[in-house]
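Below is one structure, written out as C-alpha cells, with a few remarks after it.
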Amino acid sequence: MMQQRLHDLAQAAFDALQPGEDATVSFAGERTDFARLNAGRVRQAGSVDQSDVTVRLLQGRRHASRTLTLAGEGDPGRVAAAVAELRQLLPLVPEDPHLSVHTEPVQQTSVLGTEPDGAEAVTAVLDMAAAGGERPDLVGIWGSGRIGRGFASSWGQRSWFERGTWSLDFCLVHAGDKAVKRTVSGLEWAPERVGQALSTARQELVALGRPVKTIAPGEYRAWLAPAAVDELWSLLRREFGERGRRTQTASILPAVEGTQRFSPLVSARESVATGVAPGFSGDGWPRPDAVELVRAGAVVGSLVSSRSAKEYDLPCNGAGAWESAEALELDPGTLAEADVLPTLGTGLRVSDLWYLNYSDRQKCRVTGMTRFATFWVEDGEIVAPLQVMRFDDSAIRLFGDGLVALGAEAELGMSTSTYFRRDTGSTRVPGALVDGFRFTL
Amino acid sequence: MTDAVVRRFRDALPADLDFCSLRLVSTRSESLSIRKGVLQPLHDSEDLGAMVTVRQGRGLGYAATADLSAAGLAAAIARARAWAERTAAHAVFDHERIVMPEPTGSWQSPVVKPWDDEPLADKLARVRAAAASLPDDPRLVEWEVALDRTRVETRLVTSGGGDVTQVFDMVSPDATVVVHADGRTQTRSLGLRGHSRQGGLEVADDVGFTGMPARLLDSALSLLSAPDCPSGRMDLLLAPDQMMLQIHESIGHPLELDRILGDERNYAGTSFVTLDMFGSYRYGSELLDVTFDPGVPGELAGYAWDDDGTPAERQMLIRAGILERGLGGVVSQARAGVPGVACTRAASWNRPPIDRMANLNVEPGDSTLDELVSRVERGVLMRTNTSWSIDDSRNKFQFGCEWGQLIEDGELKEVVRNPNYRGISATFWRNLSGVGDRSTFEVWGTPYCGKGEPNQLARVGHASPMCLFSDVDVFGGAA
C-alpha cells in the first residue's frame, strides 16, 4: 500500500513536468505502535501513522525540493502544485556544481517482515516480565510496525524498501542507575526471544545486588561487551566520510594518514547486504553490498555521498548526505564468551557506554561514561558492581595498541533510534578486550 | 483550515469518552545556506498532522495521524481509545486522578520583520553577503553559513471545550568555519545553532549575521597559533554561550520530574535529584537564582500554554541556591507530589508530550565582566560549546569549548585552544563564586535537545550572564 502510494505520487509529479524538466520523488513512511514502559507498567502507549514525500524538480543543474507530509486523497494534487511552485524558485537558483543525479532506470524492491499487533505484544511482554509473581522494575520502549522507504525518478528508477519489524529496548533496574539493559528485535515476532532476554537479564541482575565498589581514576584492563563497542563505533562510524577527510575534520584522520593505526585485528565495513538499511540512498543512489573501510588495521575506504562524488571527482557509493555508516560491521575475533572473564583476569567488565563525545577530536580522543552494569572482576570472577566512571581515551588507541582481543561472536544491533521516525540503521560488532582503558573521574 | 478539522473532530467524538484532545501541529521550514561558495540545494517543507489523546478510565492512549478527514480523525480517536482501554490495567498510574486543563485563548511570537514579507531573492542576498565577508585564505578549509526559518502553528482542542492557538516564528542564523595549518585544525561556530530565536528576520540583524563568518574566522585563526589550554585546578569563567550548555545539562535535565520518576531510565537517564530534595536542597551557592521563564522576548522556547494546555508562568526553580521546584507538567506533578511548571511539550504532532525544560535561565547578578576577571588569580575564560558528556544521573560531566583565554592576576591574557573542564553537578554549582550583571546577560537557545522514547527533539532557550566558578578541574587537548 505504501509502495503504491509512492508510485501514484511520483506519477503525479512526473505528469506535471514541462519539457526540459526532470523530477525525483523520495518517500519515507511508517505505521508504528509504541509503548513506553516504567516500573513494569505502561507509561504512554499509542500509534503513529506518518508518511512524507520529497519532490525535487530539476532543470539541468538547477534544482529545488519540497517535503510534504501525506494526508490522503488530495496528495497527488499537492505534489503537482509543489512542482509548479518549485518551478517559480528555479530562476533564483544558480547551477549547482555538486549536483549528481542517479539516472539509471533501476528497479529494486525488497519487502520483508511481519509485525505483530502492538497492544497484544505489549501485554504479552508485561506478562512475561511479571511471570513468577513479582512485577519487575522494567523500563523501556516497545516499537513495532511497518517502515517504508522509496525512490522514483523521471528517468524510470523505482526503488522500494519495506520492513515489518518489532523491537523491545529495555532495562531491568536493580536500584538507582544499576540496571541490566537488553535490546531484542526482529522481522518476525518471536516472544520466546523476549522471554530469553528477560531471563538472562534477571540472572545478571543478581550480581548488581552486591555492595558497590568505587575505583580510583587510572588505567584498567577492560572487557567491553558488544553494546559498549557499538557505542564507540556509533561515534566512529560518522568519521569515514570523504568530506570529513578532505576538510580535515574527521576524527580518524591520524589513522587515515598513518600516524596512528588500528590493530591488525580490526576490519570493518559498511555492509548493507547484512544489515537492515535500504539498498539505496535517500537521493536514489544504489548501495553496494559492502564498502570496505578498515582492512587489518589500515583505513582503506571512505563513504562517498552523491555531492562529495561530484565535488571530489570520485564514484558515489550510496552514502547519505552525512556520509555516516548505516550498517557498520566489525569483524569478530577469536575470544569465546566462556573465555572472556578468565582472559580479562582482573579489571572491568563494561556492559554499556554512554554519552560519548570528543575531548580532542583531532586526536580522536573520546570521553564518555560507563552505564548500567559495569563490574569489577578479579582473577576471572565478578566481584562487585562499580560506580559509574568517566573515561577519556583515544578511540584509535583502544582499537589499536590497546586492543588485546575481539570476541568470537558479533551481535546484530538494529537501531532503536526514533528521532522523527524509526531508523533503519544497524551495527554488527563483537565485544573487545582492551588494555589501559583510561578513567578520569 | 483548522476550523474545519476541529469541527470534524468534535463531530467524531463519541459521547462516552472521559476525555479526548486534538493537538494540531503545522510546521513550515526553509533552509538557505552556502557552503564553500556553493549555494546548497534549496529545500522547504510543509508538515501538518494531529495527535489524538484519549483518557478512558485509568488508561491513556495516543494516536497520531496526518489524515485529517472525518474518517481519518474518527479512526485516530478509535485507535487512541483502544490503547487507553487495553493498557488501563497496566497503567503506571491512575490517569483518572489527573484533571486535564481546558484552556482557551491564543498567543503568537513577537515578530518585527516577518520572514514571508521579504522576497526569497533578498533573503538569499543576506546569506550571500554573510558568505562574502569571508576573505580568501588558504587556511580556511571548510565553511558554511545558513539562515533557516521555522513556523509552527499549534491548536489544542479538548472535549471539554478547551481551544488554544499558538504561533511560533523562529529564525536561526548560523555559521561555521574550519581552519587548518601545520597539522592543526580549529573550528569556530555558534555551538548547536545557539543564535536560534523566536522572531523574524530581525534576529539575523540583531546577531550581526552579515559579519558573523568573518568574526568567527578571526577567532579560529587566533586559535591555530595558540598554545594548548593548561591543566590543573583553577577558576573558570564561562560565557553565556557555554552557560547555555552548563545550565541545560546539569540543572535542566536533573530537575525533570519524569526523569526523577524513572520514565527515562532506559534512554536519557535518571537524576541525582530526588523528590525529597525540593524545598531544602542546596543546589548551588547563594549567588544562584534559576528561573523557568517562558516570557523572555525572543528566547527560543517561549509560549503561553504547554502542550497539555497548562498556562505557562515564570517560576523560580532555584532561589539563592536552594532547590524549590522541578521541571514537570500537570501529570508529573500529580505523580510526584511536588511543585512543577507548565513544561509538557511534544516535538511535533507525531509524539506525545513529555516534561521539557523550555526557557531555563540563570538570573543576572551584580558583577561587571571586569570585576569578575579582576577576582581571578589563575583561570580560564571559555566560550562556545564543542563537546558535552554527562552521566545518566546528570552528575559527572565533562564539557569542551571551542575558545579559551587565560586569566592571570586579574587580567585577560593569551588565547588557548582545546579548553575542557570536568566536574560533578552536585558540587560544581556550589562553587559559583561570581555572577555577571545584566551587561553580561545574553539569550541563547538550541533546537537540539534530545530525550524521550519514542525519541523527541525539543527547542530550548537558555539565557545567562557570565558566571565564575572556583576550583574547577581544567585541561587541554594534550592532557
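The values are calculated or read from the model by the stated rules, or taken from the named source; none is laboratory data. Worth saying up front: this structure is predicted, and the values here are computed from it rather than measured. Neighbour counts run over all protein chains shown; Cβ positions are idealised from the backbone, glycine included. Accessible surface areas use protein heavy atoms only, side chains included; no ligands, DNA or RNA. Shrake-Rupley method; radii C 1.70, N 1.55, O 1.52, S 1.80 Å.
Taking the condition of being facing chain B (nearest Cβ under 9 Å), over 26 Å from B:Ser33 (Cα atoms) and touching an Asp or Glu at 6+ places or on another chain (Cβ under 7 Å), how many residues in segment A:71-106 meet it?
Final tally of qualifying residues: 2.
Identify, from the list B:Ser109, B:Ser69, the residue that is open to solvent by less than 10 Å² (accessible area, probe 1.4 Å), at negative phi and either at the interface with another protein chain (Cβ under 9 Å from one of its Cβ atoms) or within 27 Å of the chain's Cα centre (by Cα) (or both).
Matching residue, one of B:Ser109, B:Ser69: B:Ser109.
Residues are listed down the side, and each one gets a yes or a no for (1) open to solvent by less than 20 Å² (accessible area, probe 1.4 Å); (2) at pLDDT below 95; (3) touching a Ser or Thr at 6+ places or on another chain (Cβ under 8 Å):
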| position | (1), (2), (3) |
| --- | --- |
| A:Arg349 | no, no, yes |
| A:Tyr355 | no, no, yes |
| A:Leu386 | yes, no, yes |
| A:Ile396 | yes, no, no |
| A:Ser415 | no, yes, yes |
| A:Thr424 | yes, yes, yes |
| A:Thr427 | yes, yes, yes |
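Hand me the list of strands (runs of 3 or more DSSP E) wholly inside segment B:377-479 holding 3 or more residues that are surrounded by 23 or more Cβ atoms within 10 Å (Cβ to Cβ). Steps first, answer last, please.
Working: elements: B:378-390, B:396-408, B:411-416, B:420-424, B:432-435, B:442-451, B:456-464, B:467-475.
So the answer is B:378-390, B:396-408, B:420-424, B:442-451, B:456-464, B:467-475.
Going by what's in this entry, would B:Asp11 be described as more than 27 Å from A:Asp75 (Cβ to Cβ) and open to solvent by 50 Å² or more (accessible area, probe 1.4 Å)?
Details: more than 27 Å from A:Asp75 (Cβ to Cβ): no; open to solvent by 50 Å² or more (accessible area, probe 1.4 Å): yes.
Here the answer is no, as B:Asp11 does not meet what is asked.
Within segment A:382-414, take every residue that is over 27 Å from B:Phe399 (Cβ atoms) and assigned to a loop (DSSP other than H, G, I, E, B) and give me the one that is farthest from the other protein chains (Cβ to nearest Cβ).
My answer is A:Ala408.
Do we find a residue being open to solvent by 20 Å² or more (accessible area, probe 1.4 Å) and at positive phi anywhere in segment A:180-190?
no
Return the only residue of B:Ala347, B:Ala342, B:Ala334 being outside any loop (DSSP other than H, G, I, E, B) and of a type in the set (Gly, Ala, Ser).
Working: B:Ala347 fails: outside any loop (DSSP other than H, G, I, E, B); B:Ala342 fails: outside any loop (DSSP other than H, G, I, E, B).
Exactly one of B:Ala347, B:Ala342, B:Ala334 is outside any loop (DSSP other than H, G, I, E, B) and of a type in the set (Gly, Ala, Ser), namely B:Ala334.
Checking B:Met357 against (1) at pLDDT 95 or above; (2) closer than 30 Å to A:Ser51 by Cα; (3) touching a Gly at 6+ places or on another chain (Cβ under 6 Å), only one condition comes out false. Which one?
If we test B:Met357 against (1) at pLDDT 95 or above; (2) closer than 30 Å to A:Ser51 by Cα; (3) touching a Gly at 6+ places or on another chain (Cβ under 6 Å), just (1) comes out false.
Just to be sure, is A:Arg62 open to solvent by 30 Å² or more (accessible area, probe 1.4 Å) and either modelled with pLDDT of 95 or more or within 8 Å of another protein chain (Cβ to nearest Cβ) (or both)?
Working: open to solvent by 30 Å² or more (accessible area, probe 1.4 Å): yes; either modelled with pLDDT of 95 or more or within 8 Å of another protein chain (Cβ to nearest Cβ) (or both): yes.
Judged against the criteria, A:Arg62 is a match.
Name the single residue, out of those in segment B:185-203 being at pLDDT 95 or above and within 14 Å of chain A (Cβ to nearest Cβ), that is farthest from the chain's Cα centre (by Cα).
Residue satisfying both the conditions and the ranking: B:Thr185.
Restricting to segment B:15-43, and then to whatever is closer than 25 Å to B:Glu142 by Cα and outside any strand (DSSP E or B), can you tell me which residue is nearest to the other protein chains (Cβ to nearest Cβ)?
It comes out as B:Pro41.
Can you tell me which residues in segment B:88-112 are closer than 21 Å to B:Ala342 by Cα and in a helix (DSSP H, G or I)? Before you say what the answer is, go through the steps one by one.
Residues of segment B:88-112 closer than 21 Å to B:Ala342 by Cα: B:93-110.
Answer for segment B:88-112, where residues must be closer than 21 Å to B:Ala342 by Cα and in a helix (DSSP H, G or I): B:His95, B:Glu96, B:Arg97.
Could you grab me the full set of residues in segment A:363-375 that are within 19 Å of A:Gly402 (Cα to Cα) and within 7 Å of chain B (Cβ to nearest Cβ)?
Across segment A:363-375, the qualifying residues are A:Lys363, A:Thr367, A:Gly368, A:Met369.
Please specify each residue of segment A:217-272 satisfying the condition of being at positive phi and small (Gly, Ala, Ser).
Hits for segment A:217-272 are A:Gly218, A:Gly258.
Checking the condition touching a helix residue (DSSP H, G or I) at 6+ places or on another chain (Cβ under 9 Å), part of a strand (DSSP E or B) and within 14 Å of another protein chain (Cβ to nearest Cβ), which residue from A:Thr183, A:Thr109 passes? It would help to see each step written out before you state the result.
Values: A:Thr109 fails: within 14 Å of another protein chain (Cβ to nearest Cβ).
That would be A:Thr183, the only listed residue that is touching a helix residue (DSSP H, G or I) at 6+ places or on another chain (Cβ under 9 Å), part of a strand (DSSP E or B) and within 14 Å of another protein chain (Cβ to nearest Cβ).
Note down all Cβ pairs under 9 Å where the first residue falls in segment B:72-94 and is of a type in the set (Phe, Trp, Tyr), the second is assigned to a helix (DSSP H, G or I), and they're at least six residues apart or on different chains.
Pairs found: B:Trp83/A:Gly118; B:Trp83/A:Ala119; B:Phe93/B:Val331; B:Phe93/B:Ala334; B:Phe93/B:Arg335.
Residue pairs, Cβ under 6 Å, 6 or more apart or interchain, first in segment A:75-99 and within 11 Å of A:Ala13 (Cβ to Cβ), second in a loop (DSSP other than H, G, I, E, B). List them.
So the pair list comes out as A:Ala80/A:Ala16; A:Val83/A:Ala16.
Return a yes/no flag: does segment B:233-250 have any residue that is open to solvent by less than 10 Å² (accessible area, probe 1.4 Å), in a loop (DSSP other than H, G, I, E, B) and within 22 Å of B:Asn385 (Cβ to Cβ).
Among the residues of segment B:233-250, at least one is open to solvent by less than 10 Å² (accessible area, probe 1.4 Å), in a loop (DSSP other than H, G, I, E, B) and within 22 Å of B:Asn385 (Cβ to Cβ), which makes the answer yes.
Please work out if A:Phe14 is in contact (Cβ under 8 Å) with a residue 24 or more places away in the chain and crowded, with 23+ Cβ neighbours inside 10 Å.
Details: in contact (Cβ under 8 Å) with a residue 24 or more places away in the chain: yes; crowded, with 23+ Cβ neighbours inside 10 Å: no.
No.
Which residue, of A:Gly156, A:Gly148, A:Gly143, is more than 20 Å from A:Arg36 (Cβ to Cβ), touching a residue at least 40 places away in the same chain (Cβ under 8 Å) and under 17 Å from the mean Cα position of the chain (by Cα)? First the steps, then the outcome.
Working: A:Gly156 fails: under 17 Å from the mean Cα position of the chain (by Cα); A:Gly143 fails: more than 20 Å from A:Arg36 (Cβ to Cβ).
So the residue among A:Gly156, A:Gly148, A:Gly143 that is more than 20 Å from A:Arg36 (Cβ to Cβ), touching a residue at least 40 places away in the same chain (Cβ under 8 Å) and under 17 Å from the mean Cα position of the chain (by Cα) is A:Gly148.
Select from segment A:202-233 the residues that are at pLDDT 95 or above and in a helix (DSSP H, G or I) and list them in ascending order.
Correct list: A:Pro226, A:Ala227, A:Ala228, A:Val229, A:Asp230, A:Glu231, A:Leu232, A:Trp233.
Filter segment A:331-362 for residues that are at the interface with another protein chain (Cβ under 7 Å from one of its Cβ atoms) and of a type in the set (Gly, Ala, Ser) and give the result.
A:Ser359
Which residues, taken from segment A:236-264, are assigned to a loop (DSSP other than H, G, I, E, B), crowded, with 19+ Cβ neighbours inside 10 Å and out of contact with any helix residue (DSSP H, G or I) (no Cβ under 7 Å at 6 or more places or on another chain)?
Passing the criteria: A:Phe240, A:Gln248, A:Thr249, A:Ser263.
So, in segment B:162-184, of the ones that are within 14 Å of another protein chain (Cβ to nearest Cβ) and not in a strand (DSSP E or B), which residue ends up least open to solvent (accessible area, probe 1.4 Å)?
Let us first name the residues in segment B:162-184 that are within 14 Å of another protein chain (Cβ to nearest Cβ), namely B:176-184.
Going one step further and asking which of them are not in a strand (DSSP E or B), we end up with B:182-183.
Numbers: B:Asp182: 157, B:Gly183: 54 Å².
Per the stated criteria, the residue is B:Gly183.
Since B:Gly49 meets every condition but one in (1) crowded, with 19+ Cβ neighbours inside 10 Å; (2) more than 31 Å from the chain's Cα centre (by Cα); (3) of a type in the set (Gly, Ala, Ser), which condition does it not meet?
Single failed check for B:Gly49: (2).
Within segment A:20-46, take every residue that is open to solvent by 10 Å² or more (accessible area, probe 1.4 Å) and at the interface with chain B (Cβ under 7 Å from one of its Cβ atoms) and give me the one that is nearest to A:Phe151 (Cα to Cα).
Step by step, filter segment A:20-46, then rank; the result is A:Arg43.
Taking the stated definitions as given, is B:Thr344 free of Cβ contacts under 8 Å to residues at least 40 places away in the same chain, farther than 14 Å from B:Val474 by Cβ and within 14 Å of chain A (Cβ to nearest Cβ)? Steps first, please.
Values: free of Cβ contacts under 8 Å to residues at least 40 places away in the same chain: yes; farther than 14 Å from B:Val474 by Cβ: yes; within 14 Å of chain A (Cβ to nearest Cβ): yes.
When the stated conditions are applied, B:Thr344 passes them.
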